[in-house]
1. If we scan segment 121-135, do we find a residue that is in a loop (DSSP other than H, G, I, E, B) and among the basic types (Lys, Arg)?
2. Determine the pairs where a residue that is within 30 Å of Ser161 (Cβ to Cβ), located within segment 1-26, has a partner that is open to solvent by 100 Å² or more (accessible area, probe 1.4 Å) and modelled with pLDDT of 75 or more with Cβ atoms under 6 Å apart, the partner being 6 or more residues away or on another chain.
3. Which one is most open to solvent (accessible area, probe 1.4 Å), of the residues in segment 114-163 that are of a type in the set (Lys, Arg) and touching a strand residue (DSSP E or B) at 6+ places or on another chain (Cβ under 9 Å)?
4. Name the residue that is most open to solvent (accessible area, probe 1.4 Å), counting only residues in segment 164-182 that are polar (S, T, N, Q) and under 13 Å from the mean Cα position of the chain (by Cα).
5. When both residues are 6+ apart or on different chains and their Cβ atoms are under 8 Å apart, which pairs have a first residue that lies in segment 196-210 and is over 29 Å from Pro148 (Cβ atoms) and without any contact (Cβ under 8 Å) to a residue 60 or more places away in the chain, and a second that is open to solvent by 40 Å² or more (accessible area, probe 1.4 Å) and in a helix (DSSP H, G or I)?
6. Consider Met27 carefully, then state whether it is at pLDDT 90 or above, open to solvent by 90 Å² or more (accessible area, probe 1.4 Å) and in a helix (DSSP H, G or I).
7. Any chance segment 183-194 includes a residue that's farther than 26 Å from Thr43 by Cβ, in contact with a Pro (Cβ under 8 Å, 6 or more places away or on another chain) and open to solvent by less than 20 Å² (accessible area, probe 1.4 Å)?
Amino acid sequence: FAKNKELEEKILEIKRTQQKLLESEKMAALGGLVAGVAHEVNTPLGLAITSNSIVEEECKKLEKLYAINSLKKSDLEDFMESVSEASKLLSSNLNRAASLIRSFKQISVDQCSELMREFELKEYLDEIFATFHNKIKNRPIKVTIDCPDKLYLTSYPGAFSQIIGNLIQNSLFHGFDMEQKGNINLSVEEFERNVKIKFTDDGKGIDKSILKRVFEPFVTTKRNEGGSGLGMNIVYNLIREKLKGDIELTSEKNKGTTIIIIIPKELS
């Protein structure tokens, strides 16, 4: 009885530790999201500030010429041309920043929330990949998304974004070296009451010694480089438990990895 009691306590402690690690992984993902926001929004806001400075400078020049009665038609034409170009640049970059913030805000809210809602899959996939733009743009990796328009899911978007985010992160971290060329492809097919999501990369693949245990917790080849070994375990549990779906992974060394996910379009 005493041994059984001790074993039960140890199992409970392991479960509590695993839950803490899962929460830590989620917070790390949100931390990466915040870093992505800062990096991505910085560029359009910087260009918007520059454009605004041009408008201010042109206005000051025009005011000076007007004050000393030296304003000519050519001065006014130059002013209108400069301000018009700066205004267009200002508007496009502010709209770009606003769009990025909306995407990041929705993803972060969903990841913190356990609520179910309806969302358009293609639009949401674009938003998820946008959060990784700063990690992909300086690497020779081509990303392709093939998803039907107007395909709606009634599910847990937070869990969904965490799943896709982990798959992208795995490809970038494990699938390719920093200077290695490659492709990441995501395709979606609709059939009956389900959707089939196929995620592939043509990177380094997974070694046979790891392949059979890839969904187990703490299995990683990069523990000394920051890998926790929880990413695919989280993906597996979220798909099976939260989204009531299934996942299959195939891989071959130096020939890439293919992950097929099947989830219902509507959760009851």
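1. Of the residues in segment 121-135, the ones in a loop (DSSP other than H, G, I, E, B) are 131-132.
If we keep only those that are among the basic types (Lys, Arg) too, we end up with none.
Looking through segment 121-135, none of the residues is in a loop (DSSP other than H, G, I, E, B) and among the basic types (Lys, Arg).
2. Cβ pairs passing all conditions: none.
3. We begin by selecting, within segment 114-163, every residue of a type in the set (Lys, Arg); these are 117, 122, 135, 137, 139, 142, 150.
Filter once more, keeping what is touching a strand residue (DSSP E or B) at 6+ places or on another chain (Cβ under 9 Å): 117, 122, 139, 142, 150.
Numbers: Arg117: 77, Lys122: 65, Arg139: 30, Lys142: 126, Lys150: 141 Å².
Top of the filtered list is Lys150.
4. First pass over segment 164-182, keeping only residues polar (S, T, N, Q): 166, 169-171, 180.
If we keep only those that are under 13 Å from the mean Cα position of the chain (by Cα) too, we end up with 166, 169-171.
Values: Asn166: 26, Gln169: 66, Asn170: 43, Ser171: 4 Å².
So the residue we want is Gln169.
5. Lys204/His174; Ile206/His174
6. Values: at pLDDT 90 or above: no; open to solvent by 90 Å² or more (accessible area, probe 1.4 Å): yes; in a helix (DSSP H, G or I): yes.
No, not satisfied.
7. yes
So that you can scan it fast, the table gives a plain yes or no per residue for (1) more than 30 Å from Glu123 (Cα to Cα); (2) open to solvent by less than 50 Å² (accessible area, probe 1.4 Å):
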{"position": "Gly46", "(1), (2)": "no, yes"}
{"position": "Ser53", "(1), (2)": "yes, no"}
{"position": "Glu63", "(1), (2)": "yes, no"}
{"position": "Ser91", "(1), (2)": "no, no"}
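The values are calculated or read from the model by the stated rules, or taken from the named source; none is laboratory data. Here the structure is a predicted model, which is why all the values come from computation and not from measurement. For neighbour counting, all protein chains shown are included, and Cβ atoms are generated from backbone atoms with ideal geometry for every residue, glycine included. Note: areas computed on protein heavy atoms with side chains; ligands, DNA, RNA excluded. Shrake-Rupley method; radii C 1.70, N 1.55, O 1.52, S 1.80 Å.
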